[in-house]
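Some notes on the structure that comes next.
The values are calculated or read from the model by the stated rules, or taken from the named source; none is laboratory data. This structure is a prediction, so every number in the text was calculated from the model and none was measured. Glycine gets a Cβ as well: all are built from the backbone with ideal geometry, and neighbour counts include every protein chain shown.
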Amino acid sequence: MLSIVQVYPELLGTYGDGGNGLVLAERARRRGIDVELVRAGMDGELPTGDVYLLGGGEDGPQRLAVALLAAAGLSSRVDDGAMVFAVCAGLQMLGSSFSVQGDDQYVGLGLVDAVTTRAPVRAVGDLVTMVEGTMMVGFENHGGETRIGPGVEPFATVVRGRGNDGVVDGFRAGRVWATYAHGPVLALNPWLADAVLSEALGGRELAPLESVADRLYESRCRALTTRSTG
Amino acid sequence: MWRAVRLGIATQAVRTVNWVSQRSGRGSGTVIGGTVGLFLAPELLTSLANDRRVILVTGTNGKTTTTALVAAGWDGDVTSNDTGANMPAGHVAALARSGATRVVLETDEAWLGATLEATSPAVIVLLNLSRDQLDRASEVRQIADRWRNFLAKPQAEDAVIVANALDPLVVYAANEASNVRWCATPTSWTADTMSCPRCTEPLLRTDDRWWCTCGLAQPTLNSYLDGDVAVVGSTRVPLALGLPGVFNRGNALMALTALDAINVDLGRAASRMSSVGEVAGRYGLRRVDGQVVRLLLAKNPAGFAAMLEGLGDVHDVWISINARVADGHDPSWLYDVPFEVLRGRRVRCLGERRLDLATRLWYAGVEAHVDEGRPAIEDRVIDVIANYTAFSDLLKESRPC
Ligand SMILES: [Zn+2]
């Protein structure tokens, strides 16, 4: 049984981020893979899972989520082989430190060597990146600027938008993946959903799965690369 | 003397510019004149509102409908910004158009402070707060904080606040105010208030009550619904609304509570309200592509959740989604809408972002159709739910019937 855990949706679910969990679970289910989608509530214990999904959140809830995940031992779940896919504030939380309102830095979960400071202006708009030669389309809305450490691999290179710093977006540290494109980025990029799913299943190859999501992906790629505005 | 002359000129300018705008067919003629008037005399709104009795209506969802219900329920001549232009220019236009002493103004959430300073309202109606167009607007908690500051202004001191007791963000905003009538206004939307607006701890809930360990809690109710009966204080008022859905009964409850605060007879107010069957094109029957439809507007997840609950019993539903500036450029919020309730129905996907909608519906397990040409015409009324600019497009493409 593949277990997908949507982490604290009451704190980390500002932008339809719950869509990422739904997409992963449905794409597994429609291929006949035994799967469960678990919502981890902030008032209970963190369930055991194969993939932990972290969404975006407002400033106060983001800090609370870090405290809860540190106490729940997310990093030891990762050491035990679990995968993490994080977006937006979830990305910031996984790093060594981040700032929200004001200039105070807060200690992050420290799973990845990444420092987020406040950027002079918010990044709000379409985010287009290249992930190992494949285009990823999404939307970002955040006020952070993230610098990843020397040994950390970025998730993608930025074509349009800011991502971490206008050059690269997110990071990939073993099975901990993160992007600034907020939820439901996996709905917009079915190939990426399948890449996450395959990784969570230990690199297993997946049967093709056609749907209207493929048409959506193609139309967004076209719209965001042939016009100057989204 | 000179001030009076300047205000007189500015008021006349509002009327003239709006008249020209309407005649030339270039605008609905509500905002442009107000903008000109405010440019000529920034204190124009204060001056126009002077000596009138003003009710302000604000919140994420239901503003236009509740404003229409208040206007209909109040007896006598009432002026209102009934085209939905809900910032100062629209307010100025509504007041310049009519000398009526009764005024009800739909007010944008972010403009509540400026509007209440200018109009010293008798009543302020706070409907609800939820996520809406997040790539444009401030985060929802920040709006609640701003409301809290607005309500501490001296111009709000004498106002009666009519507030939704079931929305923790509204309660957080209003609970320091001195004169609040709390209404139990039904909502199924709790995603924005899972954690406490004051301290971010998880909110605790039972079926009829919510509270937090920090002390923020559902206040004692003044008004609530008992089926089709609105209970306002000690008065029971049967509702016979021409508008569908439990959320419109909630809007009517808040409208009646506002009118009760200024001593309007509630029985007569409710019967006047029952004549409202269409609000700015919403809920009325129209013809599109030969099909008779009922147009419904929903701009955000809470609004969609409410509309989906109140759908008619026809198998087909049409939904139209755009993502222009006024809609917010990012349709991610489609994943916050409980579209799963449409399983077993067939949805025709319309609008510029119909593929985003169709993908969302595919993941929800709902039969979705995109671009397959015109469907056969049904002999029953089909509900069409559209977001902001998609709704405007449909209104233009359709005819009343
Ligand atoms: Zn609290």
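Looking at (1) in a loop (DSSP other than H, G, I, E, B); (2) under 28 Å from B:Tyr335 (Cβ atoms); (3) within 16 Å of the ligand (Cβ to nearest atom), which is the one condition that is false for B:Ser130?
Here B:Ser130 clears every test but (3).
Given the conditions (1) out of contact with any Cys (no Cβ under 8 Å at 6 or more places or on another chain); (2) within 16 Å of the ligand (Cβ to nearest atom), report the number of the one that B:Asp207 does not fulfil.
B:Asp207 satisfies all of (1) out of contact with any Cys (no Cβ under 8 Å at 6 or more places or on another chain); (2) within 16 Å of the ligand (Cβ to nearest atom) except (2).
Taking region B:152-165 as the region of interest, how many residues are modelled with pLDDT under 95 and touching a strand residue (DSSP E or B) at 6+ places or on another chain (Cβ under 8 Å)?
1
I need every pair where a residue in region B:174-188 that is modelled with pLDDT of 95 or more has its Cβ under 9 Å from the Cβ of a residue that is surrounded by 22 or more Cβ atoms within 10 Å (Cβ to Cβ) and aromatic (Phe, Trp, Tyr), sequence separation at least 6 or different chains.
B:Ala174/B:Trp147; B:Ala174/B:Trp182
Only one of (1) in contact with an Asp or Glu (Cβ under 6 Å, 6 or more places away or on another chain); (2) within 14 Å of chain A (Cβ to nearest Cβ); (3) away from the ligand (no atom under 15 Å from the Cβ) is not met by B:Ala191, so which one is it?
Of the numbered conditions (1) in contact with an Asp or Glu (Cβ under 6 Å, 6 or more places away or on another chain); (2) within 14 Å of chain A (Cβ to nearest Cβ); (3) away from the ligand (no atom under 15 Å from the Cβ), the odd one out for B:Ala191 is (1).
Cβ-Cβ under 9 Å, sequence separation 6+ or interchain: first residue in region B:200-226 and under 24 Å from B:Pro238 (Cα atoms) and at pLDDT below 95, partner away from the ligand (no atom under 16 Å from the Cβ) and of a type in the set (Asp, Glu). Which pairs?
Matching pairs, first to second residue: none at all.
Counting only residues that are surrounded by 21 or more Cβ atoms within 10 Å (Cβ to Cβ), give me the strands (runs of 3 or more DSSP E) lying completely in region B:320-401 with at least 3 of them.
It comes to B:346-350, B:382-386.
Of all residues in region A:194-218 being out of contact with any strand residue (DSSP E or B) (no Cβ under 9 Å at 6 or more places or on another chain) and part of a helix (DSSP H, G or I), which is farthest from the other protein chains (Cβ to nearest Cβ)?
Checked region A:194-218; the qualifying residue farthest from the other protein chains (Cβ to nearest Cβ) is A:Ser198.
Quick check: is even one residue across region A:165-185 of a type in the set (A, V, I, L, M, F, W, C), assigned to a helix (DSSP H, G or I) and either farther than 16 Å from A:Val115 by Cα or more than 14 Å from chain B (Cβ to nearest Cβ) (or both)?
yes
Yes or no: A:Trp191 crowded, with 20+ Cβ neighbours inside 10 Å and either under 28 Å from B:Arg348 (Cα atoms) or more than 10 Å from chain B (Cβ to nearest Cβ) (or both)?
So A:Trp191 fails the test.
Name the one entry in A:Gln92, A:Gln62 that is in contact with a Phe, Trp or Tyr (Cβ under 9 Å, 6 or more places away or on another chain) and either of a type in the set (Ser, Thr, Tyr) or under 14 Å from A:Glu145 (Cα atoms) (or both).
Just one listed residue meets the conditions, A:Gln92.
(1) surrounded by fewer than 14 Cβ atoms within 10 Å (Cβ to Cβ); (2) more than 27 Å from B:Leu357 (Cα to Cα): which one isn't true of A:Arg222, the others all being true?
So the condition that A:Arg222 fails would be (2).
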